[in-house]
Every structure is written in structure tokens, then in C-alpha cells.
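Only one structure is covered here, and it is reproduced in the block below.
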Amino acid sequence: QKEVEQNSGPLSVPEGAIASLNCTYSDRGSQSFFWYRQYSGKSPELIMFIYSNGDKEDGRFTAQLNKASQYVSLLIRDSQPSDSATYLCAVNYSGYALNFGKGTSLLVTP
Amino acid sequence: GAVVSQHPSRVICKSGTSVKIECRSLDFQATTMFWYRQFPKQSLMLMATSNEGSKATYEQGVEKDKFLINHASLTLSTLTVTSAHPEDSSFYICSALPLERGHTYEQYFGPGTRLTVT
């Protein structure tokens with residue numbers, strides 16, 4: 001069974017702080033890694049994807065990938081209350097299908 | 001661009017009836033569409049992979065005779081829940097993989113369908 005593990009949280013950070021979300025995966029053959037944000041009752045929306053080791057930045061978001069450690073993370077700088085949501089880590093397997101973690105609930109307090 | 005729609009957004013049906021959910025890619029063609037199910041406070045679980053013109057591939061534990069998938073065109077896939085039971089109540093979400101996508105594996109998600117079986 002290929003696993004994607006996330007701490008369920010909730011992770012609480014004050015407004016303006018950096019939120020750090022972590023994810024580990026079991027399949028060393030995985031090539032693509034995604035971070036999605038999901039608000040309650042809504043479908044996931046893509047924040048970022050990363051394929052190569054290292055950091056990838058997009059605005060306030062930075063994804064970090066370490067394939068040797070089978071670890072991927074998401075940093076959110078200058079966190080805003082509107083960032084409060086569940087963040088899902090997803091890893092590809094069997095071609096293009098995605099295996100999702102259970103998600104980390106983030107709460108940004110004003 | 002890259003919009004995926006689902007219809008209906010919400011449906012309530014009686015136990016034993018069948019329900020059809022449509023997933024459409026509105027501004028792109030998709031060779032592959034995926035169907036996920038999400039129970040409350042759980043993550044998305046892949047049910048099946050749907051390829052245009054061929055039979056769907058179901059994940060282990062998903063009954064293919066109960067969850068019928070038809071990918072009739074490059075823009076439409078349907079999921080029919082046959083003989084629905086209360087335990088089938090869930091949030092069903094489809095996603096589509098564009099035919100022309102370059103080197104990206106990005107899938108585009110529909111808004112989801114909330115199914116309640118009474």
C-alpha cells in the first residue's frame with residue numbers, strides 16, 4: 001500500500017506568521033508532488049506542484065522536495081485568515097493517478 | 001481556462017435508486033478523467049480512472065458493477081451509482097487530465113457532487 005502521511009493538525013498560526021506543512025510518502029518511484037487547498041464542502045484547488053529536489057516558490061508559497069528523505073513540505077509566508085483551510089498533499093502513482101494524504105487543517109488567527 | 005464542471009452539484013435519492021453524475025471539461029479535451037470519493041473528514045480516495053473509449057480501471061475495493069463509469073467523449077465522463085444505499089452518501093469529485101499538457105501532470109478538479117441517499 002503506497003502511503004502519503006500528513007499530520008492532521010489543526011495547525012494554528014497567527015496572522016502574518018509562516019505556516020509549515022509537512023508530508024511524507026512511501027513510494028520511491030513517485031515523480032510528481034502536489035499541494036492542494038480545500039475549503040469545507042468544496043473541491044480541492046491546486047496551489048503548487050513540484051517535480052525536482054529543492055525549493056519552488058510561487059508568491060507566498062514555497063514547496064520543498066527531498067526525494068532521498070521522501071519528504072515534501074509547503075511553506076506559507078505572511079499567513080492570512082483566508083488561508084485557513086485543509087491542505088492536501090498528493091503524490092502520483094500508477095501513471096497520472098494521485099494518492100492523497102488525509103490533509104492538515106490550518107487555522108490562521110487574526 | 002481549464003474548467004471542469006459537474007452536474008448535479010447536490011442530489012438526494014432514495015435507497016435502491018440509481019444516480020448519474022456528469023463530469024465535463026469545458027475548454028479542453030481530456031483523455032483521462034478520474035473519479036474520487038470523499039467521506040466527511042477523510043481525504044480523497046481514488047475510485048477509478050476513466051479513459052475515453054475504453055473501460056474504466058477501478059481501484060481495489062470499488063465495485064465496478066455498482067459504480068458504472070462511461071467516458072463517451074474527450075469532454076464527458078459519467079459516474080452512475082446503481083442501487084444506491086445510505087453508505088454511498090459522500091462527496092464525489094471528478095478530475096480531468098488535459099490531452100495537451102506538455103510535461104505537467106496537473107489534473108483539473110470539478111466542483112464535486114454531494115450525494116445523499118435516504
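Since every read-out is calculated from the coordinates, none of them should be taken as a lab result. Being a predicted model, the structure only gives us computed values, none of them experimental. As a convention, Cβ positions derive from the backbone with ideal geometry for all residues, glycine included, and neighbour counts pool all protein chains shown.
For the pair the range A:37-110 / the range B:42-118, the C-alpha centres are spaced 22 Å from each other. By the rule of a second cysteine Cβ within less than 4.7 angstrom, the protein assembly as shown holds isolated cysteines at B:Cys13. Counting partner chain Cβ atoms within 10 Å of every residue's Cβ in A:38-47, what's the average? Going residue by residue through A:38-47 and averaging, the value is 5.
For A:Gly103, the residues whose modelled amide H falls within less than 5 Å of its own, excluding neighbours fewer than 5 places apart on the same chain, are A:Gln6, A:Cys89. The alpha-carbon of B:Lys55 sits under 16 angstrom from the alpha-carbons of these aspartates and glutamates, leaving out residues fewer than 8 places away in its chain: B:Glu63, B:Asp65. Fraction of C-alpha pairs exceeding 29 angstrom in the protein assembly as shown: 28 percent, rounded to a whole number.
Expressed as a fraction of 2.2 N^0.38 Å, the rule-of-thumb size for a compact globular protein of N residues, what is the C-alpha radius of gyration of the range B:1-96?
Scaled against compact globular proteins, the figure is 1.03.
In the calculated pair-distance distribution of the range A:6-110, the portion above 16 angstrom amounts to 54 percent of the Cα-Cα pairs. Net charge of the neighbourhood of A:Ser26, taken over other residues with C-beta under 9 Å away and scored Lys/Arg +1, Asp/Glu -1, is -1.
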